[in-house]
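Asker: Starting off with a structure, shown below.
What follows is calculated from the coordinates using simple rules that are stated; it is not laboratory data. Please read all numbers here as calculations on a predicted model, not as lab measurements. Cβ sites come from the backbone with ideal geometry, for glycine too, and all protein chains shown count toward neighbours.
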Amino acid sequence: MEDEKWKNIPITTLLLTYLFVCGVLYLIGFWSTFDIDVFSLISIYDIPKSFAFPLLISQGFFVLNVITGNVSDLTDDRENRDHFITINPEWKGIKRGILYTISSINLWVICSISLMAANMYDYKNNSLFWVLTSLIVSYYLLHKFVNLDIVKKNFKNRILRYFIGHFIVFFPISCLSTGKIQSISILHNNDNKYISIININRASPMTDTTRVKLLGFISDRIIYGTLDNKRTYILNKSACDGILLTKK
């Protein structure tokens, strides 16, 4: 009965819902860096423009993997795909236990991310951490997806299977990590646009362009903050005549 309900949902509805979820992930990744509750500010029109660039990144990795031959390398026909090697049931207990542990893909993924988090300074606001983590998790989940029996059964063509895998796996992770990486660059003042706000009475700019940076736009609001990241301001566009942006 439940299967019949899913079959009655138009594919376009599922696709649009998925795209909107990915757009929300980008907004969460970006604005969480500045501790801004994006859900209290966004409108439905802010979401579609958020997933375009991450979609290009995710499909760019698909093209790269096809060109380099990695599409075939991730295919695994073994029964146990959670380990780098095939565990022989005839091996003795100690040997089996050691090899079972050290060859676990799940363990290596967890250990890699945990070690980076422990050794990278301020890892939550470290672009390198987000780049490496997103790649590790993306390839891990892609490996899982393309080797699922149900996926192999329904998508015989390997290229198509990987294309769908990149869309389902790489795309949402790319949205979250891209938003995070872009906002971290602004947080650390590596990619600043300095903002001057023109008062409604057409007076001189009301902010000092050497101390205030643009964070971004949400719906009809301008979000900006100080260079030391101690203060964040939210201004309705209707409250001023316009803004001046400079990049130094």
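Asker: Too long at a 22 Å Cα-Cα cut-off: which of K49/K144; K180/K230; K124/K230; K49/K180; K49/K124; K49/K230?
Answerer: Over 22 Å Cα-Cα: K49/K144; K49/K124; K49/K230.
Asker: Next question, about the same structure. Quick one: which residues, 5 or more positions from I218 or on another chain, have an amide H under 5 Å from its amide H? H modelled 1.01 Å from N in the peptide plane, none for Pro or chain starts.
Answerer: Those qualifying (amide H under 5 Å, at least 5 residues apart or on another chain) are I223.
Asker: Would you calculate the separation in nanometres between label points at L128 and N190, each defined as 7 Å from the Cα along the Cα-to-beta-carbon direction?
Answerer: 1.0
Asker: Once amide H atoms are placed 1.01 Å from N in the peptide plane, what residues at a sequence separation of 5 or more from Y233, or on another chain, have their amide H within under 5 Å of its amide H?
Answerer: Under 5 Å from the amide H of Y233 lie the amide H atoms of Y224, G225, each far enough along the sequence or on another chain.
Asker: Here's something else I'd like to know. Return the sequence-ordered ³J(HN,Hα) values of region 217-231 in whole Hz as given by the Karplus equation 6.51 cos²θ - 1.76 cosθ + 1.60 applied to θ = phi - 60°, using x for Gly and Pro.
Answerer: 10, 10, 6, 9, 10, 9, 10, 9, x, 7, 5, 7, 6, 8, 9
Asker: I would also like to ask the following. If you plug each phi of region 12-29 into the Karplus form 6.51 cos²θ - 1.76 cosθ + 1.60 with θ = phi - 60°, what whole-Hz ³J(HN,Hα) values come out, in order, with x for Gly and Pro?
Answerer: Once θ is set to phi - 60°, the couplings for region 12-29 become 5, 5, 5, 5, 5, 4, 5, 4, 5, 4, 5, x, 5, 4, 4, 5, 5, x Hz.
Asker: Could you work out how much longer the chain between N236 and I168 gets when fully extended? Use 0.36 nm per residue separation minus the Cα distance between them, nm to one decimal.
Answerer: 20.9 nm
Asker: Can you give the extra length, in nm with one decimal, that the chain gains between N106 and Q59 once fully stretched, where that is 0.36 nm per residue apart less the Cα-Cα distance?
Answerer: 14.4 nm
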